[in-house]
Amino acid sequence: MAIEYRRILLKLSGEALAGDQGYGIDPQVITGIASEIKEVVELGVQVALVIGGGNIFRGLAASSKGMDRASADYMGMLATCMNSLAMQDALEKQGVDTRVQSAIEMQQIAEPYIRRRAVRHLEKGRVVIFSAGTGNPYFTTDTAASLRAMEINAEVILKATKVDGVYTADPMKDSDAVKLPTLTYLEVLQKGLQVMDATATSLCMDNNLPMVIFDLTQRGNIRKVVQGDQIGTIVKGGDTE
């Protein structure tokens, strides 16, 4: 069985953990995601995770209502830590070794983020969950995912969403929307496509790191991506083939 990617960074939104309830963490949903990650780990793939915090607290939304942006962003980073601990618990219940590393030091619950240690954990087959974003306000967890992927030499970022790729328009609202199987970073930036935010996309472009946008709600999709199946949308440099 061919494996296309040996070391991946999986980016999950906080909302992905909330399921249909829209807020908080749905135990059934997080258990399902954990079992899919376990399948991929058992193939010998090294997996790192970055999880957003939107199911608990959104810094940008709070700052638009008058809260100080930096304070709001730090609260959002703490929300990602709660999600990371929940994911760690779900993975370990299924026998997967994990480590949570936090960009904000909190020794009782997580290791500090140390790049070499993270790489060592991956080499030993542990899933590493990067929490607290980059540790800086004004940067999203998308940007944290791009940065950490670069630092650990991941071969690809897998961006999990609720749709099976990038479309010319919102497929829920526009029946004429067409799926785009491949895109360049420049196309994403120029067309303002909601793939990753502009900072994250620029980081990937500068370092030629491919991104695959795929549907997390379809079981088995993470495995399909690492095995090189053409699902979702791949964003990479140069001309699209």
Between the residues Q218, Q230, L203, the Cα farthest towards the positive end of the dipole of region 202-241, that dipole coming from +1 and -1 charges on the beta-carbon of Lys, Arg, Asp and Glu, is from Q218
The lysines whose Cα lies under 27 Å from the Cα of K191, excluding any fewer than 8 residues away in the same chain, are K11, K159, K162, K173, K179, K236
Placing +1 on each Lys and Arg Cβ and -1 on each Asp and Glu Cβ in region 7-236, then taking the dipole about the Cα centre, the residue among Q190, L78, G24 whose Cα reaches farthest towards the positive end is L78
Two pseudo-spin positions, 7 Å from Cα along C-beta at M172 and at R120, lie apart in nanometres by 4.4
Restricting to Cα pairs under 8 Å and 6 or more apart, the percent relative contact order of the chain works out to 22
Going from the fewest other Cβ atoms within 10 Å to the most, one would list F214, F130 as F214, F130
For region 24-101, using Cα atoms only, the Rg and Dmax in Å read 14.7, 47
T217 and D20 label points (each 7 Å along its Cα→Cβ direction) are spaced in nm at 1.1
Between V166 and residues 5 or more places away or on another chain, the pairs with built amide H atoms under 5 Å apart involve L180, T233
Bridge orientation stat for the chain from DSSP, antiparallel percent rounded to 5, came to 15
So, over other residues within a Cβ distance under 15 Å of V40, counting Lys, Arg +1 and Asp, Glu -1, the net charge is +1
Full extension between N208 and A70 adds, at 0.36 nm per residue less the Cα distance, a length in nm of 46.7 nm
With 0.36 nm assigned to each residue of separation and the Cα-Cα distance removed, E111 to Q94 gains 4.0 nm
Answer in debye to the nearest 20: the dipole magnitude of region 7-236 about its Cα centre, from +1 Lys/Arg and -1 Asp/Glu charges placed on Cβ, is 420
In terms of the alpha carbon gyration tensor, root eigenvalues a ≥ b ≥ c, rounded if a/c is under 1.5 and otherwise prolate when a/b exceeds b/c or oblate, the chain is rounded
Under a Gaussian network model of the chain whose springs join Cα atoms within less than 10 Å, the largest fluctuation of A154, A62, A169 belongs to A169
Amide H proximity to I129 below 5 Å, modelled H, separation 5+ or other chain, gives L49, R99, V100, Q101
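Every number here is computed from the coordinates shown, using simple stated rules; none is lab data. Because the structure is predicted, anything quoted here is derived from the model rather than measured. Backbone-built Cβ (ideal geometry, glycine too); neighbour counts: all protein chains shown.
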